[in-house]
Structure formats: structure tokens, C-alpha cells
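One structure is given below, encoded as C-alpha cells.
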Amino acid sequence: MEQQPILTVRDLSKSFPGVRALDRVEFDLRAGEVHVLVGENGAGKSTLAKCILGMYQPDEGEIHLHGEKVCFSSPKDGIAHGIVAVYQELTMVPYLNAAQNIFLNREPLIRGTGLINHRKMQRDAKAILASLSCADIDTKIPVKLLDVAQQQMIEIAKALSFKPRIIVLDEPTASLSEREIEPFFEQVRMLREQGIGIIYVSHRMQEYHRIGDRITVLRDGKFIRTLDVGELGDEELVNLMVGRDISQVYVRTKNEHSGEALRTEELRDHKGRVNGCSITLNRGEIVGIAGLVGAGRTEMARLIFGIDKPAGGKIFLHGKEVTGKAPSYVVKNGLGLLPEDRKRYGLALKSSIAWNTVAVSLKSVFPSGIVSERKNRKIAEEYVRLLKTSTPDVVRPVSQLSGGNQQKVVIAKWLSAKSDVIIFDEPTRGIDVGAKMEIYALMDRLAAEGKAILMISSELQEVIGMSDRIYIMKDGTITGEVMRNECSLEEIGRAMVLGKEVLA
Amino acid sequence: MTTKSLGKRIGSLPPAVWMIAVMLVFYGANTKNYFTASNFISILIQAAPLFVVACGQTIIVLMQGTDLSLGASLNMMTVVWVVLMQKSLPLSVALPLAMGTSVLAGYLNGLIVAKMKLPPFIATLGMQNILNSVALVASNGSSVYHEHAIYKIIAKSSFLGVPYILWITIGCFFLTMVLLKFTRFGARVISMGGNPESLKVAGYSPDLATIQAFTYTGFMTAVAGFLLACRVESGNPIVGNGFEFNSVAAVLLGGTSMREGRGGVGGTVFGVLLIQILKNGLVMMNVSSIYQTAIIGIVVLFAIMLDAYIKRRQEE
Amino acid sequence: MMKRIGTYLLQSKYAISVTVLIFVVLGASLATSSFLTGDNLITVLRQTSVLFILSSGLTAVVLTGGIDLSINNSAALVGCIVAQLLLLGVSIPVVILAGILVGVVIGIFNGLLVGILKLPPFVATYGTNMVVLGISTIVMQGKVIYDLPRNFTPIGVGYVGILPIPVIIAIVLTGVLYFVLQKTTLGRNIYMLGSNAYAAKYSASRSVLDTVVAYVICGVTAAIGGIVLTARLNAADANMGNSYGLQIVAAVVMGGTSLLGGEGGIFGTVIGALVLTIIMNVINVIGVSSYLQSMAVGIVIILMVWLDIFTRSKREKLSRV
């Protein structure tokens, strides 16, 4: 089914201060195909998508649409040429209804007046949603009252309302639970049938086979290869993405596990996101929690850390019960947490590296209550050396660091607080490969020093690569437990999705 | 509509509604001649300028801002209008010119917020000072008078039994409501408060939306200044002081939230009425003016706390 | 050379405020021959110090990302209570302590509204402002008190050497607040809270406590300001805070302390209060209509904050690695 591409990208380059985000990238898209863009975080997938959409203007290279060279100065131009996007972060206005959101700024007007024709708008919105088999979505109530999957469908309806020829889907399933993903894929396949070209950005291996036709691999901003789905196995594909043998990426030295560090018994929360989780974690051990988004992993971490109060169950830290205690108490007893969204929860971005480093340990570093900037800087410099954080000094705001180095500051924060049980929630999200390997090496070293690490991650390869033991979590419960090397990527992936016991 | 959604609707009414009900019962039981048409008309006439200002403020609060210059803008508008009439300009010229100053002030606010990226709080704080200066200079620091029939027509004469001042107020209410619910302008205001990114994605400049909103608020203030001047039959450089905060209070009491673009001008009606009915009743009950400020403060604070509490319960 | 000065100005925290201050002083001395005379400078400093004292604690609150609109009327309430107690013949140290205690109570109240009830600070403290104004009116029974005891008024009008006592109080407060905000773990927590409240929560810090403490600091300085103001006016009246109103907020934001929290400091507020006062003083002295005072103030507020925001964004672009 060889045919002319509708979109061709030649030699595209784009630089940001300090990074060459795209380096002479090639890409093409045919009508009626789902072309998956894969690569590690920071590989340039989103940048490429944004250049195609007109959000970024490439420094070099050309984009051809139906054989004609195009040059977009804004997403508006892209839309005018039939290229629309469904973004990873929802662009819904919470207190407008579905129809208003779909037709924002393009509302049908009653002829001769400036008034919105709500009836027509409702009808049109319903028609689009019906074409997506989502006629049951209430288009009259604020979208805030709808669930995320419904909002996602409204996003797609919004994209379709532009009558596009090309749709860019940027991590569209990131906020969907597994139940919601298959119906979503149905819609994507339907769009494909209609001859729309779909650029699908995703980092979830499992999705490529289910939805993709072709795959283009990017790495460190460079074009690596375009291939058909099924041409390569998962492991080989990962090797392409990572650029080296995975066995080199994930370093896990064998070390002794001694004594229980953290245990939960039948942990439950008030919102029904965590329904009876029992896990144990030993000193010197890295335990992974594999599960899909919405499986309740982050919620469990929040319960253990004391941000939310549990509805039931118990938590023990070094054998001492800490159930329902405030974070300050739990932290005093040695727990640390690297939150999944480090910019939002992990760091005071405007503050310096030095300040962030002692954010938790302030009281123990300065027991008199009087702060010495010099001592503070010294401590921070120590951790910069220890963790190989790359920064000219420790007084600059952490906002100026790259993702990997920011994550190191968060780690330093907990190390300086002498935490010996640390929860890593999505520790390598948004971090490039080189920095990832450093984070892995660091985790390995911490475990070797006897610290206990609980790792939550959606990247299956890293869970398998780094963990001594893996819990599989689904719908708020632990559905399985496997030892390192006992299980393949596919098996765990299936278990995450289907919730079956993995091993006998 | 099912009973459940009806129940939900009642539950989502701002607490101001309940507090008004309680006050009506309380005042009705404790004062003579409370439930008379003339008393309610007088409450409404008293409330009119604040309500019109609050219509404008609703727009700004929906966009997660506050406009602190509205009181000063009222001062300026009333003074400029009367002074222009003193200079024997006809009403048809003086009034549009004076209203134009308030609209211009709103436009400048929008410009400063959108283009200079100042937080609305600071931009309008600066503007407040500037407009007060204009009012003081134009009036030379005291009330200005000019005889004209228009005051009495607006404030006292009626059409179909309803004073003109109320017709204009009702007009402002419907205008704002229609703008919010039935025009693209309104959708943009709500998206600015809820998710400015969405507006960008839809290809509309948030800056432009900001400027439009502030300009409209300036226009509402101009109308309010007109009503206020007619009621006090003069121009006065301090007559509007406090309107900026009272209007924010009224908007919030009406259930409009400073987050997410939630709310609307319908609730503001109750917010303004709450304040005005409370004040009027205290006077009717002959409560000493010494205690009035404290009572009003406590009731308003209580209503705000109640609203915040209910909203948080709903979130959870 | 110009470029280096430019770069330096972009990098220093108070650079913009200091530059504006220098220009304002230069302008003032050029506009009036009397500005730089000793007498006038002392007057300016004394006027500045009341405004500064009132704004100083607000700096802490704004650093947490909050705001306190109740300062002017809190100060008035303290002044009224102080005056009433003095009339009753209570001894001055006790009166002062009582006044400060009132400030503490108001601070705790605001802190709880914001920290525990999670009311938007703007709304909560505006409500408090109305309530305290009401209480002042009740305390004064609608009257004005004149002629306070002779040994009380020096707090507002007295001198130590050539320095007026309010100026000394302002200097001491600057020192204390500098120490608290820059040199203590409490200050550090206040900055971190304002910088990112979520991160503070995920760093196990006690945000509610820090919030309450910031509002208490604000309440205390409001109380001190109220006492000084009462002594200077040698009178107390429920509405005595009115003229300060939003000037207090203006002094803080003009000093470069961001309303978003986490950026700025007490010296900024010193400069903000100075600039505001000098402008008003000059307009008084050169004999232009005093009605133009607030025009100048308004323009300077907008320009100064704009300069601050503008250079900050430039600075971020310059130093990105």
C-alpha cells in the first residue's frame, strides 16, 4: 500500500539555548496511517511535533505538505492547513461546557448578531461526539464535572471540528486508565479509516503494536530510523531508542538485603484509589512498582509519606508504626520522596540549589535556628560533587538546571536529610538518556550503601532493569510480585494491563 | 430536570442567598413596615451603583484578577461630568465625554496588565492613584454642583412604576449576562480565568482578551458613575471610595471564585443585595452607627468563610 | 562600560529599586533647593518611618505569597485601644504590650483564615479589615481622643540625638526583620513557602505554622506602627488608618517583593517606603497642587514594578545555562 506521503519533513533542525533539540531530522506521513514517534524523554519527539504544528519555527530544514513547501508562524497557520493537535495536557476550560470548549473562539453565531447560537453549537458538538461514538457525553454541563477520559474525547472532538487532514496526538493516553484506552484506540482507528494522517507521540511500548503502522525512532534529537511495526522486536526497538544495549544502561550490582525498612499492611485511602496494598521493602533493596497511570501508585506514595491520611491499613517504618502521621514525623524517621512532578512538587524553582539542598534538613543542619549561608553552600557543594550535578555554582536558581540535574538536587535534598528509605516516583521522567544512566547508577549506589528504594515507574524497561523485586499494581491493589530476572517485559506488561497473576 | 439535579442546583447556590433569606425573616420580625414596596425600592436604588460596578468587577474576578481602580474611576467620572456641564457643555456631549474617561481608564488598565505584564492588583492600584488625582484636580478637592434635570429624572422618576435608575441597572445586568453567556467575548473571559492556554490554542491572543475585559469593566464603571452622580446630584472626588473593595466582596459573596473562571453575574446580584439589605435593616432597626461597621464586617467575613467551606466540601 | 553597568544592574536583587531611589533623590534635589537640607531630610525620614513600620511585616507575608489588607485598620485599632488605656491611666509599658498583643491576635486570626481555612489571603484579610475597623469604632464610640499623656507622645515626635524616635524604631525593625528573614530557618521557610507551596509540603515543612507566623509578624509591626502613629498625631480615631490604605502594599511591591511570593526582601520595602515618601514630600515642597501627589505615586508604582518584572525576565534569559 505504498503511496505518496501527505507530509514530508527534510533535514529539520531546531536549537534552544544550550540544546540542539532536533538535528537534521527526516520524517514523512501518509494519509490513513498512524505513524508513531518514539524515543526516550528528551529525544525530540515533542519538538518535532511542535515544529510540524507551527508552535516552533525550525532553524533549518523544510516541511512539505502535499508536495508544497510550507512555513508556519503560529499554530493558527497549521490549523489553516489542516494540521491540528491533541495535547498531552488538556486544554479544557473547566467551567465551559463541552460544546463551548470544542468551538472556543469559533462559536456559531446567530446571523446578524454577535450572539452565540447555542442550539446549533450543541447540535454540532453532539454530531462530532456521536461520530466518535461518544454521544453519551453531556454537552451542557461544565467539563470540569466530566471524567478525564470524557475530556480527552472532547479534546479529540475539538481537533476533528477543524476538519483536519493531519492530527498530532501527543501522549494522548497519559491520563487515561486502561479501561479507557481501548475505546480510545477504536476512535483513532476510525480516524485512520477516514484517511486522516495521524502522528502519534508516545513512550509506551505496549501501544505501538496496538495502534501504529510505522514507527520513527528519534534519539538525542537525531533521526535514527523509520520502520514498519513488527519489523523489530521490543528489545531491539528499545536498543534503537536507547542507543546501546540495555544491559549497559541498567546497572544493578548485587548487594545484601538486611532487615525490613518499610512495610504496609492493607493500606487504603479515602477516595478508593488505593484498596488494600501490602508491600515490604528491605534495606539495600530496590523494589519496583509497575502499573499503569491511575493504578494508584502515586496515591500510595502520598499515603506512606503522610500527605494524605489513610482510610485503613498500617504503615511501618523500620518497624515503627507511622500510620497517619504528618510528613514531618515520617521524614524524621527516615523517609524521603521524590515526587513524580518535580517542578511542581519537588523543588522551589526560583530558589537556589543551595537552598533546595537543605530544604528538608534545615532544622538538623542549623539546630540553633540561625542559618549560615556559607555552611549551606558548603553542604550543597558537597552534594554537587557527590552526585556529579553539573552546575557552575550552587547559588543559581534550580530553574536554570536541566531536568537530570534538577532531579539530582531533589535527591541531594533527601540525602542531606539522612533519609534511608526513599520513594522514587517516576524518577527519570523528562530526563535524557545520559542523565538517566547517572540516576540509575546513583540508585544502585544508594542501595549498595544500605538504603531502601521504592521505585514507581511507567517505563517498564527501567522497572525491570533496576528492581530486585517488582510489585504489579492494578486498580489500587497489588496483583503480583516477581523477582528480578524471573519475568519478561511482555509478561509484566500483560499483568499490568490485565491484572492477572504473573507467576505461579 | 430530575429532582437530584434540582437539589444539586439548590446546593450550589451561594450562601449569600440563604443569608439574605435569614435576614429578611429577621428584619421582617423585628421592624415595622419592613415588607413594603417603598422600602425595597429604596434598597434597590441604594444598591444600584454598587451593583453596576460589581457587574464589571465580576468580569475581572472571573479572569482571576481584581480591579482596585473602580472606586477612583467613579470619583473621576462624576467630577468630570459635572465640571463639563459647569463649563456649559450640553448633556449630550458632557456625559459621553465623562463616561469616556472611565472607559479609557479601563482600557489603560488592560493595556498595563496585558502588555507590561503587571499583576492586575498592582496595575489597578497604580491606576487608582492616578485617577484619584484626576478627580481631585478636576474638582479642586471638593464636591462640584451643577443644576440639571437629569438627576431627578434618573434617580426619582419612574417608568412602569420602576425608577429609571433601576431600569438602567437591570439593563447592565442583562447586558453583562448576555455578554458572558451568549458572546465570544464572554467565552474568552471564562477561558482566561479557567485556562488561558486554551485561548492561545484556539488562536486568540490572551492579551487582547484582557484588554477587552478591562475596557468593558471601565464602561460599567462609567454607567455606575452616572447613576451615582444622579443619586447624589453632584460630582464628588471621594464618593466612590470603597466601591472597589465592596464590589470584590459582593462578587465573591455571589459565589464567583477567584480560581478557574467559575461563577457569573447572577450570583453577584445576591452578593450586592446581601450587603445592601444588611445595611438597610440595621438602619431600620435603629442600630447605632457605631456598631454597624463591625456587624457588616462580621457578616461578610462569615459569608466568605461559609462559601469557602462549602466549595471545599464540594471539591472533596 | 555601559554594558557592564547594565549587566550588574540586571543581576543585583535591589538594583532597580536602588536606581529608582537615586533618580528620585536626584530629581528631588534638583526640583527643590530645600530637599537636601537637614531639616527636610529628617522630616522625610520621619514620614517614611511610619509608612515603613506599617509595611515591614507585610514583607514577610508577601514573601509567603500572601497579602494582608488589614494592616491600616489594625494599626488604627491598636492606636484606639492604646489611647483608651492611656486615658484610663494604665502605665505606658503595659499599654504598649497590650497594643502589641492586639496585633498578635489579629495576626493569628488572619494566619488561621489563610493557613487552615485556606481562604484567599486577599479576601480573608479584607474581611478582617472591615471587622477591625468596626471594633475600632465601637472602642472609640464614634469619638476622637486628643491630648494623650505627655510621656507617651515622644514615641512619635521625640528625638534621640538628631534622630527621631520613629526612625530609630524603623531602623531596629529593619535589622530584626533582616535577621529573621535572611538568617533564620524561619525566614528560610517563609521564602521556600512563597517560592513553591507544594514543594514546601513535599519537603515536610510546617506550612500552616510558617503562614501563621508570617501574619503574626505583620500584625506586630502593624501594632507598632499604630502606636507610633497615635503618638505622632497625639490623637486617636477609628479612621486614622484610612490614609495609609494601599500605600502600605505599594511600598512593599515597589521594593521588588513579588506578589507571587519567594522573591524580595526587607531592604526593598525600605526603598519602596522612601521613594513613596520622597515623591509626596517633593510635591508638597515645590508647591504644585497636592492633588497631583497621588498621580505621581500611581505612575511610579506602575513604572517601578514594571521595571522590576522586566529586568527579572531579562535576567533569567541572560543567566540560563
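Rundown of residues vs (1) over 29 Å from A:Asp341 (Cβ atoms); (2) at pLDDT 90 or above; (3) in contact with a Gly (Cβ under 7 Å, 6 or more places away or on another chain); (4) within 14 Å of chain B (Cβ to nearest Cβ), yes/no style:
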{"residue": "C:Cys218", "(1), (2), (3), (4)": "yes, yes, yes, no"}
{"residue": "C:Ala231", "(1), (2), (3), (4)": "yes, yes, yes, no"}
{"residue": "C:Glu263", "(1), (2), (3), (4)": "no, no, no, yes"}
{"residue": "C:Asn281", "(1), (2), (3), (4)": "yes, no, no, no"}
Got at least one residue in the range B:31-41 being of a type in the set (Gly, Ala, Ser) and surrounded by 13 or more Cβ atoms within 10 Å (Cβ to Cβ)? no
When the range B:96-111 is checked residue by residue, the ones that are aliphatic (A, V, I, L, M) and either surrounded by 24 or more Cβ atoms within 10 Å (Cβ to Cβ) or more than 10 Å from chain C (Cβ to nearest Cβ) (or both) are B:Leu97, B:Ala98, B:Met99, B:Val103, B:Leu104, B:Ala105, B:Leu111
Residues (over 34 Å from the mean Cα position of the chain (by Cα) and among the aromatic types (Phe, Trp, Tyr)) located in the range A:364-409: A:Phe366
Would you pick out the residues in the range B:136-194 that are part of a strand (DSSP E or B) and closer than 13 Å to B:Cys230 by Cα? B:Val144, B:Pro163
Residue that is farthest from the other protein chains (Cβ to nearest Cβ) [pool: residues in the range A:53-62 that are surrounded by 15 or more Cβ atoms within 10 Å (Cβ to Cβ) and either at pLDDT 90 or above or part of a loop (DSSP other than H, G, I, E, B) (or both)]: A:Pro58
In the range C:233-250, the residues that are surrounded by 24 or more Cβ atoms within 10 Å (Cβ to Cβ) and either among the hydroxyl-bearing types (Ser, Thr, Tyr) or touching a Gly at 6+ places or on another chain (Cβ under 8 Å) (or both): C:Ala236, C:Ala238, C:Met240, C:Gly241, C:Ala250
Scan the range A:93-148 for residues that are surrounded by fewer than 20 Cβ atoms within 10 Å (Cβ to Cβ) and of a type in the set (Gly, Ala, Ser) and jot them down. A:Gly112, A:Gly114, A:Ala127, A:Ala130, A:Ser131, A:Ser133, A:Ala135
Wholly within the range A:185-255, helices (runs of 4 or more DSSP H) carrying at least 2 residues that are among the charged types (D, E, K, R) and under 19 Å from A:Val168 (Cβ atoms): A:205-211
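If I go through the range C:174-211 residue by residue, how many of them are more than 14 Å from chain A (Cβ to nearest Cβ) and surrounded by 22 or more Cβ atoms within 10 Å (Cβ to Cβ)?
So the count comes out to 2.
Per-residue answers, yes or no, for (1) away from chain C (no Cβ under 12 Å); (2) crowded, with 22+ Cβ neighbours inside 10 Å:
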position: B:Gly266; (1), (2): yes, no
position: B:Ile275; (1), (2): no, yes
position: B:Met284; (1), (2): yes, no
position: B:Ala294; (1), (2): no, no
position: B:Leu306; (1), (2): no, no
position: B:Arg312; (1), (2): no, no
Consider the range B:16-75. How many of its residues are among the aromatic types (Phe, Trp, Tyr) and under 18 Å from the mean Cα position of the chain (by Cα)? 1
Residue match in the range B:161-169 (condition: over 25 Å from B:Ala135 (Cβ atoms) and within 14 Å of chain A (Cβ to nearest Cβ)): no
C:Val180 fails exactly one of the following numbered conditions: (1) free of Cβ contacts under 8 Å to residues at least 40 places away in the same chain; (2) in a helix (DSSP H, G or I); (3) hydrophobic (A, V, I, L, M, F, W, C). What is the number of that condition? (1)
Only one of these conditions is not met by B:Thr217: (1) within 14 Å of another protein chain (Cβ to nearest Cβ); (2) touching a helix residue (DSSP H, G or I) at 6+ places or on another chain (Cβ under 8 Å); (3) not aliphatic (A, V, I, L, M). Which number is it? (1)
Restricting the range C:268-312 to residues that are over 25 Å from B:Val137 (Cβ atoms) and more than 20 Å from the chain's Cα centre (by Cα), the one surrounded by the fewest Cβ atoms within 10 Å (Cβ to Cβ) turns out to be C:Phe310
Residue satisfying condition, being within 30 Å of C:Leu41 (Cα to Cα), part of a helix (DSSP H, G or I) and of a type in the set (A, V, I, L, M), within set C:Leu173, C:Leu113, C:Leu86: C:Leu173
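To keep it simple, each residue is scored yes or no on (1) at pLDDT below 85; (2) outside any loop (DSSP other than H, G, I, E, B); (3) under 17 Å from B:Gly261 (Cβ atoms).
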position	(1), (2), (3)
A:Val84	no, yes, no
A:Tyr95	no, no, yes
A:Gly112	yes, no, no
A:Met121	no, yes, no
A:Lys126	no, yes, no
A:Lys144	no, yes, yes
A:Ala149	yes, yes, no
A:Lys163	no, no, no
Considering every residue within the range A:161-174, establish whether at least one is aromatic (Phe, Trp, Tyr) and either crowded, with 21+ Cβ neighbours inside 10 Å or on the phi > 0 side of the Ramachandran plot (or both). no
Would you tally the residues in the range C:55-101 being more than 24 Å from C:Val167 (Cβ to Cβ), surrounded by fewer than 23 Cβ atoms within 10 Å (Cβ to Cβ) and aliphatic (A, V, I, L, M)? 7
Kindly provide the set of residues from the range B:13-61 that are aromatic (Phe, Trp, Tyr) and over 23 Å from B:Phe174 (Cα atoms), ordered by number. B:Trp18, B:Phe26, B:Tyr27, B:Tyr34, B:Phe35
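Restricting to strands (runs of 3 or more DSSP E) lying wholly in the range A:286-372: which have 3 or more residues that are more than 12 Å from every other protein chain (Cβ to nearest Cβ) and of a type in the set (A, V, I, L, M, F, W, C)? Explain how you work it out, then say what you get.
Numbers: elements: A:286-290, A:312-317, A:335-338.
Filter on the range A:286-372 gives A:286-290, A:312-317.
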Among the candidates A:Val34, A:Val70, single out the residue that is surrounded by fewer than 22 Cβ atoms within 10 Å (Cβ to Cβ) and at pLDDT 85 or above. A:Val70
Subset tally (residues that are aromatic (Phe, Trp, Tyr) and either farther than 26 Å from A:Ile431 by Cα or at pLDDT below 90 (or both)) for the range A:350-391: 1
Quick one: in the range A:354-368, of everything that is free of Cβ contacts under 8 Å to residues at least 40 places away in the same chain and not hydrophobic (A, V, I, L, M, F, W, C), which residue is nearest to A:Asn405 (Cα to Cα)? A:Lys363
Has the range C:89-108 got any residue that is within 14 Å of chain B (Cβ to nearest Cβ) and at pLDDT 95 or above? yes
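Can we say B:Ser133 is at the interface with another protein chain (Cβ under 7 Å from one of its Cβ atoms), at pLDDT 85 or above and closer than 30 Å to A:Asn97 by Cα?
Answer is no for this residue.
The values are calculated or read from the model by the stated rules, or taken from the named source; none is laboratory data. Being a predicted model, the structure only gives us computed values, none of them experimental. Every residue, glycine among them, receives a Cβ derived from its backbone with ideal geometry; neighbour counts consider all protein chains shown.
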